[in-house]
1. Tell me, in nm to one decimal, what length is gained between ILE111 and LEU28 on full extension, where the rule is 0.36 nm per residue of separation less the Cα-Cα distance?
2. Measure out, as a whole number of angstrom, how far apart the alpha-carbon centroids of the range 73-99 and the range 56-72 sit.
3. Tell me the label-point distance for the pair ASP58, ASN78, using the 7 Å Cα-to-Cβ offset, in nm and rounded to one decimal.
4. Could you work out how far apart the two model spin labels at GLU88 and LEU65 are, taking each label as a point 7 Å from the Cα in the direction of the beta carbon, and quote it in nm?
Amino acid sequence: MCPWSCWPRRTTAWVPAATGRRKGTDLLGVKAVIAASYERIHRSNLIGMGVLPLQFADGEDVDSLDLDGTETFDIPLNEDLQLGQAIEITATAEDGTETVFTILNRCDTPIEVEYYRHGGILHYVLRDFVRGETVTA
């Protein structure tokens, strides 16, 4: 169960400072963002902060799925997260109504999957540093 996920309507709004973005997502507990599409830099920034970028399937969006933002999302993830993987999620409304739909994982390169698995690029680099390994990215 993903404790927090959010989606932008059409564009992504960002806090001006990178540290503000990182602290904000951590403090709010945001683990995933679902959007209709991503610009490369926004997708990469999310992964770098340890937030999983997920994309609606073609032709689907908040309106077509009748989502209003009050739902709880069950996003089943395991250690076998793959590039572009289709993930079936369940959105449960406050009245118990469930909407099941498929989204795509938008980690597009193997290193992005590694960054996400480590909780972001900073955690990835620090773990390699503590182990005395050279970071190859």
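1. Full extension of this stretch gives 27.3 nm more.
2. Taking the Cα centre of the range 56-72 as reference, the centre of the range 73-99 is 12 Å away.
3. Those two pseudo-labels are separated by 2.9 nm.
4. Label-label distance for GLU88 and LEU65, simple model: 1.4 nm.
The numbers here are math on the coordinates, done by the rules we state, and not lab data. The model shown is predicted, which means the values in this text are computed figures rather than measured ones. Cβ: placed from backbone, ideal geometry, glycine included. Neighbour counts: every protein chain shown.
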